[in-house]
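The values are calculated or read from the model by the stated rules, or taken from the named source; none is laboratory data. Every value quoted in this text rests on a predicted model; they were computed, and no experiment measured them. Note that each Cβ is placed from the backbone with ideal geometry, even for glycine, and that neighbours are counted across all protein chains shown.
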């Protein structure tokens, strides 16, 4: 998986061979991973279980939203800090967790390959035994798999949810500030008997400042798969598509083809950058401006058998 920083610091004559698979060109906003098998324009959600724990000391859903966003902000996975995350949880004062999203977009882990459910609604079921996920939520915001600790009920295997199997507030145990709240289990304990209901509706644990400190599930805003902007050395003919060749990569420079026309590079968008339109007649050199540029990811496609050299300033 691509990491957050792509650092090419004032390297002269850095040469790239160009032949990765086309799927590598696809990403979500800010370069965040796009699940395998999706196409440009497809929508999806990503989900993780936080590597960090918190005590249940608030009846406000904003407290748990902040927890998962703080975890994401410290992730070194490309794009993870740049999208909005929501806690999959229900407090005594919040809407039910099932009401968080109404779209039909699939949900994937941060490995970009594992689907958890075909839609948010399919995380739940009115019949407890019929909650069946495609996969459990076992990967954290850093892209690391949470190792099973030997017991499903260990503190590091539990997740605050306050939610029962149908996605509504647990009838007696929503997240609050005192008493017990419902917790989910990262790993299924008895899937053959109970299905996957215990991903959110497992066991109760004590809340408050003297209570347990557990993880929280975070789910992204709805994301859209996008193609990276393609380097275009010749912007003189607006409708001729992208052309391989030399040039300068600079913030606000319009040497980028979005599939319909040339657009300006914008460092704040952390877009993906692609090199290789497939029509080079020599090895191109692109000079990064001394002020530097920011990209969500960089991919190198076919440049008609030639190689790109990136030189000059810093790419982050």
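Table for the structure above
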{"quantity": "Criterion (farther than 30 Å from residue 269 by Cα and in contact (Cβ under 8 Å) with a residue 24 or more places away in the chain) met by exactly one of 229, 223, 214", "calculated": "214"}
{"quantity": "Residue 311 vs. criteria part of a strand (DSSP E or B) and either without any contact (Cβ under 8 Å) to a residue 12 or more places away in the chain or within 25 Å of residue 79 (Cα to Cα) (or both)", "calculated": "yes"}
{"quantity": "Residues satisfying the stated conditions in the stretch 270-288, i.e. part of a strand (DSSP E or B) and closer than 11 Å to residue 301 by Cα", "calculated": "273, 274, 275"}
{"quantity": "Those residues of the stretch 100-120 which are within 22 Å of residue 215 (Cα to Cα), surrounded by fewer than 20 Cβ atoms within 10 Å (Cβ to Cβ) and free of Cβ contacts under 8 Å to residues at least 60 places away in the same chain, in sequence order", "calculated": "114"}
{"quantity": "Qualifying residues in the stretch 148-166 (those that are in contact with a helix residue (DSSP H, G or I) (Cβ under 6 Å, 6 or more places away or on another chain) and buried (at least 23 other Cβ atoms within 10 Å of the Cβ)) - the one farthest from residue 211 (Cα to Cα)", "calculated": "165"}
{"quantity": "Strands (runs of 3 or more DSSP E) lying entirely in the stretch 1-98 (those with 1 or more residues that are surrounded by fewer than 21 Cβ atoms within 10 Å (Cβ to Cβ) and modelled with pLDDT of 95 or more)", "calculated": "43-49, 85-87"}
{"quantity": "Condition met for residue 239 (touching a strand residue (DSSP E or B) at 6+ places or on another chain (Cβ under 8 Å), free of Cβ contacts under 8 Å to residues at least 24 places away in the same chain and either in a strand (DSSP E or B) or farther than 30 Å from residue 62 by Cα (or both))", "calculated": "no"}
{"quantity": "Unique match (being without any contact (Cβ under 8 Å) to a residue 24 or more places away in the chain, surrounded by 14 or more Cβ atoms within 10 Å (Cβ to Cβ) and assigned to a strand (DSSP E or B)) among 205, 182", "calculated": "182"}
